[in-house]
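Below you'll find the structure, written out as structure tokens, and then a few comments.
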Amino acid sequence: MKRIVSFFAALLVVAGCCSQKVEDVKNVIYLIGDGMGIGSVTTLLTLTDSCGFEMECPAIGLSETYSVDNYATDSAASGTALATGTKTNNGSMGMGPDGENLESILDVAEKLGKKTGIVVNLGVVEATPGAFYAYVKSRNEKYTIAEQMTGCGVDVVIGGGINFFNERPDSTDLIAKMKDDGYDIYTDWAEIATTESAKFIGLLPNEVIHRRNTTGAQASGDERGAACEAALMAADDGLVDLKDATIRPEEYLEKAVSKALGTLSRTSDNGYFLMIESGIIDGYNHNNDQEGLKAEMLEFNATLTMLVKYVSSHPNTLLVVTADHDTGGVGITYGDRAKEEMSLVYTGHGHTGNMVPIFAWGAGKENFRGIMKNSDIAIKIKALLNEQI
Ligand SMILES: [Zn+2]
């Protein structure tokens with residue numbers, strides 16, 4: 001009987017469109033959309049004919065995001081859950097509810113001898129990236145978070161927030177310290193785009209990494225789907241061509257991720273862990289700015305599409321895409337589809353306790369199907385990395 005069951009189970013695997021050889025997870029790419037709930041994802045799907053979320057055979061799940069002390073989490077508590085596998089109180093970063101320091105996926109990857117990277121389109125000391133390397137009771141302790149970043153051992157960082165490193169109340173020059181520790185430090189995109197360094201920190205001005213125009217100009221008419229088109233023009237290996245070292249804010253995240261990924265994959269024999277945060281979705285949803293959200297999701301899609309393509313041609317690589325929480329309770333309301341009159345409604349300006357989606361591609365993706373706590377995602381990623389050795 002057992003043999004018969006096994007035979008039919010095998011048939012199902014072979015016949016399924018999503019059948020895939022089980023691979024060890026050597027590399028992990030973790031893409032987090034801050035405030036990107038189901039409504040934000042649905043908005044993107046409605047805007048585009050082709051986008052990363054619709055690629056073939058993802059594993060899809062739902063994440064419960066509540067924190068220990070609140071039905072609606074903040075980014076520090078959810079970042080901690082997503083980074084370490086432990087839920088904590090709102091405001092805490094890298095620490096459990098009793099104040100204990102927690103081990104993040106980045107810590108585990110470093111212990112396993114992997115290269116590590118962080119790419120964000122906000123400050124590198126903000127709550128979501130900070131939860132991967134810092135331990136503070138309050139996310140507002142940004143000067144402390146910056147200091148902890150300099151000693152965390154990460155190999156590649158690209159983001160904003162240079163003032164927390166070189167304009168400090170304690171007068172410490174953390175830029176000089178990081179140089180002494182062997183990092184190349186860049187404050188200009190052209191330097192980042194062209195560097196061959198295996199260990200660098202890129203700290204860019206806000207005007208480089210933020211899309212300043214918050215009107216709907218980039219999210220309407222012929223420009224719909226432009227982000228997907230840009231991604232489809234990526235180089236053969238799946239990454240974006242960076243030979244042109246100029247950059248516009250709306251293409252920053254895709255190019256920065258390409259650079260980090262290229263560096264990590266080129267310099268690591270033992271695999272890598274790359275954490276990425278698209279952090280501005282949250283702000284537009286807080287402001288109930290639906291045109292800003294549409295533009296931001298199109299930019300998110302350019303990065304996502306590039307990553308899906310990259311993972312499909314790089315075995316032993318897992319891509320997990322999720323959000324830290326929903327913001328604004330945004331949803332699509334009645335609108336004439338023939339006239340493409342899509343408009344959104346918000347239930348408020350704050351975070352909500354709504355579940356958020358999980359999408360996984362590549363090696364180990366099957367672990368992310370179903371309903372789970374946000375902390376389970378990190379537990380699963382850690383387990384997959386530890387299984388590899
Ligand atoms: Zn928020």
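The values are calculated or read from the model by the stated rules, or taken from the named source; none is laboratory data. Source: prediction; values computed, not measured. Cβ coordinates were reconstructed from backbone atoms using ideal geometry, including for glycine residues, and neighbour counts include every protein chain displayed. Please note that ligands, DNA and RNA were not included when accessible areas were found on the heavy atoms of the full protein model with its side chains. Shrake-Rupley method; radii C 1.70, N 1.55, O 1.52, S 1.80 Å.
Take each uninterrupted DSSP H stretch in the chain, measure its Cα extent along the helix axis, and return the ones at 15 Å or beyond whose mean Kyte-Doolittle hydropathy is at least 0.5.
Qualifying helices: 2-15.
Near Lys339, which aspartates and glutamates are there with a Cα under 19 Å away, not counting those fewer than 8 places off in the same chain?
Asp49, Asp222, Glu223, Glu291
According to a simple spin-label model (label point 7 Å from Cα along Cα-to-Cβ), what is the distance in nm between Ile371 and Arg337?
2.8 nm
How do 123-131, 157-165, 191-199 rank on mean C-beta neighbours within 10 Å, highest first?
Averaged packing, sorted descending, gives the order 123-131, 157-165, 191-199.
Any chance you could look up the accessible area of Cys57 with a 1.4 Å probe, heavy atoms only, rounded to 10 Å²?
Around 20 Å² of this residue is reachable by solvent.
Distance in nm between label sites at Ser50 and Thr194, each 7 Å beyond Cα in the beta-carbon direction?
3.3 nm
Got the relative contact order for the chain handy, in percent, Cα pairs under 8 Å and 6 or more residues apart?
31 percent
Separation of region 256-305 and region 46-110 by C-alpha centroid, Å?
Each part's Cα centre sits 15 Å from the other's.
Using just the C-alpha positions of region 263-387 as equal point scatterers, what log10 of I(q)/I(0) does the Debye formula give at each q in 0.09, 0.18 1/Å?
-0.34, -1.10
Choose one answer from Asp180, Asp269, Asp336: the residue with the largest mean-square fluctuation in a GNM of the chain with alpha-carbon springs under 10 Å.
Greatest mean-square fluctuation among the candidates belongs to Asp336.
Using just the helices of the chain, give the 222 nm mean residue ellipticity in deg cm²/dmol: DSSP H runs with n ≥ 4 each add -39,500 (n - 2.57), and the total is spread over all residues, rounded to 500.
-10500 deg cm²/dmol
Please arrange Arg266, Arg168 by accessible surface area, largest first, computed with a 1.4 Å probe and ligands excluded.
Arg266, Arg168
Measure off, as a whole percent, the carbon and sulfur share of the 1.4 Å-probe accessible area of region 18-387, all protein chains present.
Percent of accessible area from carbon and sulfur atoms in region 18-387: 48.
Work the Kirkwood hydrodynamic radius out for the chain: mean of 1/r over every pair of different alpha-carbon atoms, inverted, in Å.
Answer for the chain: a Kirkwood hydrodynamic radius of 21.1 Å.
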